[in-house]
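Colleague: Okay, here's the structure, questions in a sec.
Quick note: the coordinates plus some simple rules give every number you see, no bench work behind them. Not measured: the values here are computed from a predicted model. Here Cβ is always computed from backbone atoms with ideal geometry, including for glycine, and neighbour counts include all displayed protein chains.
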Amino acid sequence: MELTFTKMQGAGNDYVYINGFDYTITPSQAEKLAVKLADRHFGIGGDGLVIIDPSDIADAKMRMYNADGSEGNMCGNAIRCVAKYVYDYAIAKKEQLMIESKSGVKPITVSTENNQVHLATVEMGAANFNTPAIPVLTEETQWIDYSFETAHGVYQVTALSMGNPHLVTFMKDIHTLRLSEIGPLFEHHSAFPERINTEFVEVHSNQEISMRVWERGSGETLACGTGACAAVAAAVVNGYCLSDSWVTVHLLGGDLEIYYSKEQIYMKGPAVEVFTGQLNISL
Ligand SMILES: N[C@@H](CCC[C@H](N)C(=O)O)C(=O)O
């Protein structure tokens, strides 16, 4: 069948987007498609696949799949791109959009230029530090500045859920980190029955941090929106940043602005269409 797709990116976190208003893609088809299309040599190339489906309770529903075909509950960078797609392609031409994800409906405010979205601010919900909710297999109820043993030594970590699981560790220099060796040790550690996304964070001031991320199911990506929220939430509870204020997060693919409060985290960042194309594919 002939399938139209759109490649989009938010801070360099790039996915192949398919309009589920036009095509019905089952979960098992989506898992296989994600692996095939995300391949940077034999496919279109991306960190995974996103399907934009009709929703009964919101303007559209986002289904996101990592590059290994596993489904994620939430993706901060993709949800901004979904909002852009929904607005630009007139599925709902509104500056206040509601997008459904597997971790709930997220309100999004978009900023436009020449009638196209370029920036979006998402209400990401609250961070949850309770270990059963993440989940982490441990007797401790929370891991905040917790000494965690890996095959690569002991790391001080903070674990939390942003609708998906995150582990944050602070260090002096993130750029010399051998992430492709260290990332998998966290992702596949037996403490995390659903695997985990890990953020390696360098603090510059209480308003500015840098991070690299190892995403479950996709490896190192240029940015992770839920990961940037997790990094700021962890920085606040560890005393590096302040609650109720904005923090700039520098990622390999660009910057995200994150506002942390206990009840609500806001994420502001770019949403960019790269190209569209057509595929001849059998589902
Ligand atoms: N890139 C994302 C998160 C994507 C999902 C994640 N790998 C998971 O499986 O939880 C973001 O921008 O938040």
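Colleague: If you fit an axis through the alpha-carbon atoms of helix 225-237 and take the longest principal axis of the Cα set of the chain, what angle between them do you get, 0 to 90°, nearest 10?
Modeller: That works out to roughly 20 degrees.
Colleague: Cross-link list Lys7/Lys262; Lys36/Lys102; Lys106/Lys262; Lys32/Lys61; Lys36/Lys262: which exceed 28 angstrom alpha carbon to alpha carbon?
Modeller: Long pairs (Cα-Cα over 28 Å): Lys7/Lys262; Lys36/Lys262.
Colleague: Tell me whether the chain comes out rounded, prolate or oblate; compute the Cα gyration tensor, take square roots of the eigenvalues as a ≥ b ≥ c, and use a/c under 1.5 as the rounded threshold.
Modeller: Values: a/c = 1.79, a/b = 1.41, b/c = 1.27.
Because a/c hits 1.5 or more and a/b exceeds b/c, the chain counts as prolate.
Colleague: Still on this structure, please answer the following. Hey, can you grab everything whose amide H is under 5 Å from the amide H of Val117? Only 5+ residues off in sequence or another chain; H modelled, so Pro and N-termini drop out.
Modeller: Asp88
Colleague: Using Cα pairs closer than 8 Å and at least 6 residues apart in sequence, work out the relative contact order for the chain, in percent.
Modeller: Across the chain, relative contact order equals 21 percent.
Colleague: A follow-up question, please. Relative to the present Cα-Cα distance, how much length would full extension add between His41 and Thr276 at 0.36 nm per residue of separation? Don't jump to the answer; show the numbers that get you there.
Modeller: Details: separation 235, 0.36 × 235 = 84.60 nm, distance 1.78 nm.
Between His41 and Thr276, full extension yields 82.8 nm more.
Colleague: Tabulate in residue order the Karplus-calculated ³J(HN,Hα) for the stretch 263-272, using 6.51 cos²θ - 1.76 cosθ + 1.60 with θ = phi - 60°, rounded to whole Hz; enter x for Gly and Pro.
Modeller: Per residue, the Karplus-derived 3J(HN,Hα) values read 8, 8, 10, 10, 10, 10, x, x, 9, 10 Hz.
Colleague: I've got another one for you. Can you compute the FRET efficiency between His188 and Gln29 using 1/(1 + (r/R0)^6), with r the Cβ-Cβ distance and R0 = 25 Å? Round to the nearest 0.05. Write down the numbers at each step before the final one.
Modeller: Working: r = 27 Å, r/R0 = 1.07.
With R0 = 25 Å, the Cβ-Cβ based efficiency is 0.40.
Colleague: In the chain, with Lys and Arg counted as +1 and Asp and Glu as -1 at Cβ, which of these residues, Tyr259, Pro132, Tyr15, has the Cα nearest the positive end of the dipole, that is, farthest along it?
Modeller: Tyr15
Colleague: Another question, if that's okay. What angle, in degrees between 0 and 90 and rounded to the nearest 10, separates the Cα long axis of helix 27-38 from the longest principal axis of the Cα atoms of the chain?
Modeller: Between helix and principal axis, roughly 80 degrees.
Colleague: Which of the three applies to the stretch 121-161, rounded, prolate or oblate, going by the alpha-carbon gyration tensor with a ≥ b ≥ c and a/c under 1.5 meaning rounded?
Modeller: Details: a/c = 2.85, a/b = 1.75, b/c = 1.63.
Because a/c hits 1.5 or more and a/b exceeds b/c, the stretch 121-161 counts as prolate.
Colleague: Can I ask one more? What's the longest uninterrupted piece of the chain once you rule out the trypsin sites (Lys or Arg not before Pro) that are loop residues per DSSP with at most 10 other Cβ within 10 Å?
Modeller: Here the longest segment lacking exposed loop sites spans 1-171.
Colleague: Check Gln142: other-chain or 5+ apart residues with amide H under 5 Å from its amide H, H built from backbone geometry?
Modeller: Thr131
Colleague: Using the count of nearby Cβ atoms within 10 Å as a rough guide to exposure, how do Trp214, Trp143 rank from fewest to most?
Modeller: Least to most surrounded, the residues fall as Trp143, Trp214.
Colleague: Report the antiparallel proportion of the DSSP beta bridges in the stretch 131-263 as a percent, rounded to a multiple of 5. Please list the in-between numbers first.
Modeller: Details: 27 of 35 bridges.
The answer is about 75 percent antiparallel.
Colleague: If I model a spin label at Thr248 and Leu283 as a point 7 Å from the Cα along the Cα→Cβ vector, what separation in nanometres do I get?
Modeller: It is 4.4 nm.
Colleague: So, one more: Based on other C-beta atoms within 10 Å, arrange Cys224, Cys241 from fewest to most.
Modeller: Cys241, Cys224
Colleague: Something else about it: Once phi is turned into θ = phi - 60°, what whole-Hz ³J(HN,Hα) does the Karplus curve with 6.51, -1.76 and 1.60 give for every residue of the stretch 118-132, x standing for Gly and Pro?
Modeller: Once θ is set to phi - 60°, the couplings for the stretch 118-132 become 10, 9, 9, 10, 10, 7, 8, x, 9, 6, 10, 9, 7, 4, x Hz.
Colleague: Please list, in order along the stretch 3-10, the HN-Hα scalar couplings obtained from phi with the Karplus expression 6.51 cos²θ - 1.76 cosθ + 1.60 (θ = phi - 60°), rounded to whole Hz, x for Gly and Pro.
Modeller: 10, 8, 10, 10, 9, 9, 9, x
Colleague: How would you classify the stretch 131-263 from its alpha-carbon gyration tensor, with a ≥ b ≥ c the square roots of the eigenvalues: rounded for a/c under 1.5, else prolate if a/b is greater than b/c, otherwise oblate?
Modeller: oblate
Colleague: Another question, then. Among Val35, Val154, Val247, what is the fewest-to-most ranking by other Cβ atoms within 10 Å?
Modeller: Val154, Val35, Val247
Colleague: Okay, moving on. Expressed as an acute angle from 0 to 90° and rounded to the nearest 10, what is the orientation of the C-alpha long axis of helix 76-88 relative to the principal long axis of the chain?
Modeller: Helix 76-88 sits at roughly 20 degrees to that axis.
Colleague: Counting only residues 5 or more places away or on other chains, whose amide H sits under 5 Å from the amide H of Val274 once H atoms are built in the peptide plane?
Modeller: Sorted by chain and number, the residues that satisfy this are Lys7, Met8, Gln9.
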